[in-house]
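Each reported figure results from applying straightforward, stated rules to the coordinates on display, with no laboratory input. These numbers come from a predicted model, not from an experiment. Every residue, glycine among them, receives a Cβ derived from its backbone with ideal geometry; neighbour counts consider all protein chains shown.
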Amino acid sequence: MDFLKLIFINIRRHRLRSLITAAGIGFGAASMLCIVSIVLGAVGMFQNILSTESQFILFERNVSDLFFSSVRASQLEEIRNFPLVKRVDPLLVGIVSSPNHPIITCFGVEADNPRLRQAHWLHGSATAFGREKDAIYLGERAASFLKATIGQEIPIGSRRFLVGGVLRTANGFEDGGVFFPLSLAQEFFHKESQASLATVELRPGASFVAFQKQIDARFPDLIALEDKEFNRSYSQFRILNVTSWAIGICSFLLGGMGVANTMLMSVFARVREIAVLRVCGFSRQQVAGLILGEAAILSGLGSVVGCVAGFAALVAMNAAPQLQGYVRAALRMDLLVGVAVVTLATAIAGAFYPAYFASRIAPAEALRFE
Amino acid sequence: MNTEESRLGSVPAAGKKPSSVIVARDVWKSFDHGQTPVIQGVSLEIGRAEMVALWGSSGSGKSTLLHLLSGLDRPDRGEITILGLDPSREETRLRLCRRHVGFVFQLHNLIPDLTMLENLRIPCFSERRPAREIDARARYLAEKVGLSHRLTSRIQNLSGGERQRTAICRALMNRPEVIFADEPTGSLDERTADVVFNLFLRLVSEEGASVILATHDQRFTKGCHRSLHIHQGKALPL
Ligand SMILES: Nc1ncnc2c1ncn2[C@@H]1O[C@H](COP(=O)(O)OP(=O)(O)O)[C@@H](O)[C@H]1O
Ligand SMILES: [Mg+2]
């Protein structure tokens, strides 16, 4: 007699219940995969904005959000003259509304900022940046949702600006944003002689530690973090990460309880059959194995289907032009495998008590009611 | 029977097989924390290939005694050995169930969505025996009860009599020394019950197994070597 067959007859016997359980697990796996991928994708995009060829991000110490950070032009000037430093690129970040668009992200950058050169200019060119009066430059997606093109005048906040060009960048956030010459942005946001942050590239061979020490000594109100340090310590990323984990754990708890419930029902409905198996020489462990096996098959099925569905949803999201930029999910194999494994583990944990219960069924008691 | 030896659950020495397959000494059992006394001091011995009926009215404690004698339940007091082994130890009980004892219940207790053959394989699940040998045994028994043509039918497609005959085959799959039968034909109509019961007795005696049969019907006690009347917690010779 085949152990698997004994498991499968019970799954087949309650097809609908099995299907619902597997689907529940599948939804859990799919949503977990989507949430984590989107968060990782968002964090990844944000990191991209900050680091082009730079190694350091320089910003105000103890701010919770980079939008509130402020670095003075005079400080940047001094840092530019550090012997260790090759280049410093200030970035002023601001958010404004226009009549139909509640959130437009604005980036104030200097004309020689490398990201402008690296972008693909659909209209206009990097060389014109900052030379025309009151001109701004739109990311490709911003141009499409603002329905604007080169040479047009458009309202941004309380003012009107001339569209000086349209560029496509490698980064979703930037593509949905508006680039200002730094001085224009400073004036527009009333942040004269300031930037939100700066990215810093050191000269080849320069010591990272020495640079950080120098910043600490000279500007105690600033902090220079290596890109990967920043990713770890920036509180917004931490909040996102913790949130996605919390949601994930909750969905797994729900999934585990669903499995526990299903398997308990399955055991209750089969007390007599299990008792007969015990009479036919099945050990407690073998009986528990039947229940755990059933849970493993259901959750395996659920997690495979869920992961495939979640992955497909993510691919579709990444391809959808409407979401371009805001949602760029990280499609990662390790994540897929991780979610599948955790789902399986949760299901088996959920089946633990039912399996224990089944293994304790007393044959004499169970066979008594005839 | 050396009681010390049986308490330790040791295997009887080879060649010195005990003449009694089951020995019970002063067995007591009550339920609901002593509120419902059911078995009150039963002692008995059942020999090799002996067929013993436990006869009594409904509720007299036949099933309870059968469960105790087969090791499915434990007595409050007293000692029971099966083939010289102590069935109160889970390991021993498993070993007995896998090789030495078989059960037939009032309800067939077969798995309805498996075929007859698949059901017959279940008692052999934990024994490492070649599948071919197991299936040959199933075919042999099926033929004996006239169900060769039903081996690949699902239980849900069998009649009541056919199901009970399948249950008898299942009990005999591992060539057990003892069969415990609790009202094995209790769910069948009278005519079918007689046919199935005679088949059961014939097959079991061919196999040389001992039988302990619980029944409330005196018709069936006649086929047995000996009957015990279960009454007020005692087992008295009839
Ligand atoms: N697990 C139990 N809990 C409580 N009472 C029980 C239990 N098993 C049996 N009994 C009681 O023991 C008595 C004998 O039951 P049983 O052995 O099934 O009788 P029979 O098989 O002779 O009809 C009955 O009164 C029954 O209610
Ligand atoms: Mg009974």
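What is the order of A:ASP227, A:ASP334, fewest Cβ neighbours within 10 Å to most?
Numbers: A:ASP227 15, A:ASP334 7.
In order of increasing Cβ crowding within 10 Å: A:ASP334, A:ASP227.
Is there a pair in A:LYS86/A:LYS191; B:LYS62/B:LYS234; A:LYS86/A:LYS133; B:LYS29/B:LYS234 whose C-alpha atoms are over 22 Å apart, and which pairs would that be?
On the way: A:LYS86/A:LYS191 26 Å; B:LYS62/B:LYS234 10 Å; A:LYS86/A:LYS133 30 Å; B:LYS29/B:LYS234 11 Å.
Violating the 22 Å limit, Cα to Cα: A:LYS86/A:LYS191; A:LYS86/A:LYS133.
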Rounded to 5, the percent of DSSP beta bridges in chain A classed as antiparallel: 75
Acute angle (nearest 10 degrees) that the helix A:284-319 long axis makes with the longest principal axis of chain A, alpha-carbon atoms: 30
Descending semi-axes in Å of the protein assembly as shown, equivalent ellipsoid built from Cα gyration tensor: 84, 25, 18
Acute angle (nearest 10 degrees) that the helix A:235-268 long axis makes with the longest principal axis of chain A, alpha-carbon atoms: 10
Principal semi-axes in Å for the stretch A:62-220 [√(5λ), Cα gyration tensor, largest first]: 30, 17, 13
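Rounding to the nearest 20 debye, state how big the charge dipole of the protein assembly as shown is about its Cα centre with +1 on each Lys and Arg Cβ and -1 on each Asp and Glu Cβ.
Working: 67 positive and 56 negative charges, 335 e Å.
Dipole of the protein assembly as shown, to the nearest 20 debye: 1620 debye.
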Sequence of B:THR64, A:THR21 once ranked by neighbouring C-beta atoms within 10 Å, starting from the fewest: B:THR64, A:THR21
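Determine, for A:VAL341, A:VAL271, the number of other Cβ atoms within 10 Å of each Cβ, and report the residues in order from fewest to most. Display every interim value, and only then the final one.
Values: A:VAL341 11, A:VAL271 18.
Ascending number of Cβ neighbours within 10 Å: A:VAL341, A:VAL271.
R0 = 51 Å: FRET efficiency of B:SER159 with B:ARG129, Cβ-based, nearest 0.05?
Working: r = 30 Å, r/R0 = 0.59.
Once rounded, the FRET efficiency stands at 0.95.
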Selected from A:ARG13, A:ARG272, A:ARG238 as most flexible by GNM, with chain A as the system and alpha-carbon contacts under 10 Å: A:ARG13
Gain upon complete extension [A:ALA206, A:ALA246; 0.36 nm per residue less C-alpha separation]: 10.3 nm
Listed residue (A:LEU91, A:TRP245, B:PHE31) projecting farthest to the positive dipole end of the protein assembly as shown, Cβ model: B:PHE31
Relative contact order of chain A, defined on C-alpha pairs under 8 angstrom at six or more residues apart (%): 28
Dipole in debye (nearest 20) - chain B, about Cα centre, beta carbon charges: Lys, Arg +1; Asp, Glu -1: 560
Helix A:208-218 vs. chain A, principal-axis angle (Cα, 0 to 90°, nearest 10): 60
Estimated vicinal HN-Hα couplings, Hz - the stretch A:123-139 in sequence order (Karplus 6.51, -1.76, 1.60; Gly, Pro = x): 9, x, 8, 5, 5, 7, 4, x, 8, 8, 6, 6, 9, 10, 10, 9, x
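Tell me the relative contact order for the stretch A:62-220 as a rounded percent, counting alpha carbon contacts under 8 Å between residues six or more apart. Could you put the intermediate results ahead of the total?
Working: 283 pairs, mean separation 52.1, N = 159.
Computed over the stretch A:62-220, the figure is 33 percent.
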DSSP H segments from chain B that extend 15 Å or more along their own axis, Cα-based, with Kyte-Doolittle mean of 0.0 or above: B:190-207
